[in-house]
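S.K.: One structure, as structure tokens, below. Some questions next.
Where a number appears in this text, it was derived from the coordinates with a stated rule and is not lab data. These figures come from a predicted structure and were not determined experimentally. Using ideal geometry, Cβ is built from the backbone for each residue, glycine included, and neighbour counts are taken over all protein chains shown.
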């Protein structure tokens, strides 16, 4: 993995992890589904405009269209929509930790459904990850975490896992920015329909809301997604997913710095276990290096 790929992965992990904190700020002053729909609408329009300036056409391959729509529904509407609703009662750090279990779920799905072989280190990582997540969840439930919000976050990460498996078709054929913009518009439409159907729309135009909304629209919403698509194309989904092991650490650190959220000793131990488990699983999935030709 070259230096550029490493820097792209680090940037993606930080941007992705910061989205939980900005979401927590947004839902304090606005309806979660409506605000997220507006975020995706703006991000999608900006993304498509940039794509057109780059000369990228609306024309995608059938496989790209299928994966783009599926990604827009599963990640943007289901995963992020459910997380935004949950963020009204669940701490940003807890939501970030649950979402960080995605690489473990992805490895399990690849192992059980796609027949991918798992090395002993990977199997150990999976079991360690389960222990770490159980430790965190047990600690949070004992501390009185909202179980409904916890359930929404869990359903969301399952949808994200499915979306990550499906997105492979969207990374072939170029047009990355166009794919990013279109899948955001798909999410915007789904979320707007859900907002009208399930929530009373309200917006309190406070300074924190405006700053958080602008940030989440441009950085986690647009820049992080574009970097993720480019990283998938550059080094493949297995190596790219390695950077998700940083999400528990970044997510907790950002929420602590900006929101003053604190975690107990068991939570911190769980974060460490999950981080190491994700790293072990991803390292075990790396293809073995071929010896240099003599």
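S.K.: Please rank 272, 192, fewest neighbouring Cβ atoms within 10 Å first, as an exposure proxy.
M.R.: Ascending Cβ contact count within 10 Å gives the list 272, 192.
S.K.: Just want the ordering: 267, 233, from fewest to most Cβ atoms lying within 10 Å of their own Cβ.
M.R.: 233, 267
S.K.: For the range 201-261 and the range 64-126, what is the separation of their Cα centres, given in Å?
M.R.: Comparing the Cα centres of the range 201-261 and the range 64-126, I get a distance of 15 Å.
S.K.: Share of Cα-Cα pairs in the range 84-243 beyond 18 Å, in percent?
M.R.: Value for the range 84-243: 69 percent of Cα pairs lie more than 18 Å apart.
S.K.: Oh, and also: Compute the FRET efficiency between residue 143 and residue 28 as 1/(1 + (r/R0)^6), taking r as their Cβ-Cβ distance and R0 = 25 Å, and round to the nearest 0.05.
M.R.: 0.75
S.K.: Shifting gears a bit: Could you work out [θ]222 nm for the chain from helices alone, using -39500 (n - 2.57) per DSSP H run of at least four and dividing by all its residues? Round to the nearest 500 deg cm²/dmol.
M.R.: Value at 222 nm, helices only, nearest 500: -24000 deg cm²/dmol.
S.K.: In addition: What distance in nm lies between label points placed 7 Å from Cα along the C-beta direction at residue 69 and residue 151?
M.R.: Computed distance between label sites residue 69 and residue 151 equals 3.0 nm.
S.K.: Could you state the per residue volume, in Å³, of the convex hull enclosing the Cα atoms of the range 1-57?
M.R.: It comes to 108 Å³ per residue, whole-number rounded.
S.K.: Something else: For the range 5-122, state what percent of all Cα-Cα pairs lands in each successive 5 Å bin, counting from 0 Å until the bin that includes the largest distance.
M.R.: Using 5 Å bins, I get a P(r) of 2, 9, 13, 17, 19, 17, 13, 7, 2, 0 for the range 5-122.
S.K.: Moving on to the next point. In what sequence do 213, 198, 34, 71 fall when counting other Cβ within 10 Å, fewest first?
M.R.: Listed from fewest to most nearby Cβ atoms, that is 198, 34, 213, 71.
S.K.: Another question, then. Using Cα pairs closer than 8 Å and at least 6 residues apart in sequence, work out the relative contact order for the chain, in percent.
M.R.: After rounding, I find 42 percent.
S.K.: Residues of the range 17-47 with the amide nitrogen closer than 20 Å to a label point 7 Å from the Cα of residue 196, along Cα-to-Cβ, please.
M.R.: In the range 17-47, the label zone of residue 196 (backbone N under 20 Å from the point 7 Å along Cα→Cβ) covers 31-45.
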